[in-house]
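Written below as structure tokens is the structure these notes are about.
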Amino acid sequence: MRHVIVGSGPAGVTAAETLRKADPAADITLLCGEGEPPYARMAIPYLLSGNIGEAAIYIRTDADHYGRLGICLVHARARAVDTSRRAVLLGDGRSLPYDRLLVATGSRPSREQIPGMDLPGVLTCWTLQDARAIIARARPGTRIVQMGAGFVGCIIMEGLLSRGVDLTILVRSGYMVRRMMSPTASGLIRRWCESKGVTILTRTQPKGVGAKAGALEVDLGEGRTLPADLYLSVVGVDPNLDFLAGSGIEIGRGILVDAHLQTSVPGVYAAGDVAEATDCVTGQRQLNAIQPNAVEQGRIAALNMAGRPARFRGSFAFNVLTTLGLVSSSFGQWQGAPGGESAEVLDESRYRYLNLQFDGDRLVGANCVGFSEHLGAIRGLIEGRLRLGSWKQRLLDDPARIMQAYLSAIRHAA
Ligand SMILES: Cc1cc2nc3c(=O)[nH]c(=O)nc-3n(C[C@H](O)[C@H](O)[C@H](O)COP(=O)(O)OP(=O)(O)OC[C@H]3O[C@@H](n4cnc5c(N)ncnc54)[C@H](O)[C@@H]3O)c2cc1C
């Protein structure tokens, strides 16, 4: 059996290793698209802050790991997939035949549609190569203008500030991390960042970036400009799908997969940031671009590829974010369910906030800032779809009793 895996992030590597265990005799090829050994992007913030060196970013640190497992690493990019001939066409002209194919190509940074994005000094922060370029330029006093304050935008701030840079964040909307956080939670995060010396300009969309006197000039419109040595564009990501054009694989926002993570084309699977699977709480299809999801999907897809039927129990929208040391998190339907109820506690002076969202007597979503002690209980209640019964009213009165509510709910569910 010839297995080809396109993409060597956490989803691809987990799939390759699972395949090897499940099918000792199979041919396994792992396509690495960045000219690097397989690495984990989520370690980039630690690389930026100097807490780890480059060697620690690689998913497996033993240089001979893949060779020993008989996993063949091919450094090339997939250009197209011919599903009728069962072959992956590579950028260098080669063609890789497969019996089972896994697409695990992740996502790439969205490109801002403004002039100046090709200038030297305009970077994003997604790949190891990006991290190296940032580290080479970020010195004490370097003026960094960062466009975007989503998950990645927030998580990299600590590493940037630790290098002594002067950081200004531009936010198109009124709120930081607005895809994860309510306005109240977002307001706390903003105030926290400002207290650490970061300048934040909301409702700000640059018109373009130009070169001026050996530096950059960010045009904010209406005659306003900001000087910068580095412009970091971190405005979201898009799944890597272009090379699948004409393959017949059904695409929504990502690659549509069934409960076995198989695509619309038999024998072709997808896993990780690129796959649009079902959410275990809402039952709706969604992209869920977090590493634990990629690893689990890589594992499940590989078992199915090896002929061992396995079902994916659905992805769970769960993000934990550390912004300059302030931990915040979002779970499930944090914006609330139609007709649902909510409860919250807020302690502005201590940067603590907890918001719970209910649908009937079930917890369906939550936002937390500065509350890291009960994340497991919140996750367990939402993911397990546990009924709260009389504990719902108690939580409406005092959301901080979440752990007692969880313990009661699991006792009743048992
Ligand atoms: C700075 C940063 C911090 C993060 N922090 C966290 C965190 O704290 N927690 C968390 O859960 N998640 C975090 N993430 C997100 C996490 O890294 C992703 O969810 C995870 O990497 C997804 O894994 P994947 O294998 O699906 O995709 P990826 O890791 O993106 O891997 C995809 C691979 O496919 C390759 N590829 C793409 N196109 C092709 C092609 N045509 N041919 C060949 N190869 C190709 C790419 O080069 C890459 O190697 C962070 C991401 C970043 C950038």
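The values are calculated or read from the model by the stated rules, or taken from the named source; none is laboratory data. Remember, it's a predicted structure, so these values are computed and weren't measured experimentally. Counting neighbours? That spans all protein chains shown, and the Cβs are built from the backbone with ideal geometry, glycine included. The area values use the complete protein model at the heavy-atom level, side chains included, leaving out ligands, DNA and RNA. Shrake-Rupley method; radii C 1.70, N 1.55, O 1.52, S 1.80 Å.
What percentage of the solvent-accessible surface of the chain, computed with a 1.4 Å probe over protein heavy atoms, is contributed by carbon and sulfur atoms?
Of the solvent-accessible surface of the chain, carbon and sulfur hold 50 percent.
Binning every alpha carbon pair distance of the stretch 1-90 at 10 Å from zero, what are the percents per bin?
16, 44, 29, 9, 1
Give the dimensionless ratio obtained when the Cα radius of gyration of the stretch 226-320 is divided by 2.2 N^0.38 Å.
1.25
Mind jotting down the three principal axis lengths of the stretch 159-255 based on Cα atoms? Whole angstrom, largest first.
The principal-axis extents, from largest down, are 49, 39, 31 Å.
For the stretch 75-152, what is one quarter of the convex hull surface built on the Cα atoms, given in nm²?
8.0
Count charges around residue 77 for me, please; just the other residues with Cβ under 9 Å from its Cβ, Lys/Arg as +1, Asp/Glu as -1.
So the environment of residue 77 carries a net charge of -1.
How large is the accessible surface per residue of the chain, computed with a 1.4 Å probe and reported in Å² as a whole number?
On a per-residue basis, 44 Å².
Evaluate the Debye formula for the stretch 279-363 with equal point scatterers sitting on the alpha carbons, no solvent, and hand back log10 of I(q)/I(0) at q = 0.15, 0.16 Å⁻¹, in q order, two decimals.
Normalising to I(0) and taking log10 leaves -0.74, -0.80.
Rounded to the nearest 500, what is the chain's calculated 222 nm mean residue ellipticity when only DSSP H runs of at least 4 contribute -39500 (n - 2.57) each, over all residues?
About -6500 deg cm²/dmol.
Treating only the Cα positions of the stretch 337-414 as identical point scatterers, give the base-10 log of I(q)/I(0) from the Debye formula at each q in 0.11, 0.27 Å⁻¹.
After summing over all Cα pairs, the log10 values are -0.24, -1.39.
For a quick check of understanding: with a 1.4 angstrom probe and all protein chains in place, what accessible area in square angstrom does residue 1 have, to the nearest ten?
It works out to around 100 Å².
Can you pull the accessible area of residue 237 for me, 1.4 Å probe, Å² to the nearest 10?
Estimated to the nearest 10 Å², residue 237 gives 60 Å².
If you average 1/r over all unlike Cα pairs in the stretch 88-210 and invert the result, what Kirkwood radius do you get in angstrom?
16.7
How much length would be gained if the chain were fully extended between residue 282 and residue 308, taking 0.36 nm per residue of separation minus their Cα-Cα distance, in nm to one decimal?
Stretched fully, the residue 282-residue 308 segment lengthens by 6.6 nm.
Enumerate the lysines that residue 212 could reach by cross-link, defined here as Cα to Cα under 27 Å, with residues fewer than 8 away along the same chain left out.
Hits, sequence-local ones excluded: zero.
Grab the eigenvalues of the alpha-carbon gyration tensor for the stretch 23-165, scale each by 5, take roots, and send me the semi-axes largest first in whole angstrom.
34, 20, 12
Report the extension gain between residue 75 and residue 54 in nm, rounded to one decimal, defined as 0.36 nm multiplied by the number of residues separating them, less their alpha carbon distance.
Result for the pair: 5.7 nm of gain on full extension.
First check a/c for the stretch 114-165, with a ≥ b ≥ c the square roots of the eigenvalues of its C-alpha gyration tensor; if it is under 1.5, answer rounded, and if not, answer prolate when a/b is larger than b/c or oblate otherwise.
Note, shape of the stretch 114-165 comes out rounded.
Hey, if we sort 42, 176 by accessible area with the 1.4 Å probe, largest down, what's the order?
I get 42, 176, largest accessible area first.
Per q in 0.07, 0.08, 0.09, 0.12 1/Å, what log10 I(q)/I(0) does a Debye calculation on the alpha-carbon atoms of the chain return?
For the chain, the Cα-only Debye profile gives -0.37, -0.49, -0.62, -1.06.
Going by Cα centres, the stretch 256-276 and the stretch 26-97 are how many Å apart?
When both Cα centres are located, 19 Å separates them.
Report, by chain and number, residues whose modeled amide H sits under 5 Å from the one on residue 9, excluding near sequence neighbours (fewer than 5 apart, same chain).
For residue 9, no residues qualify.
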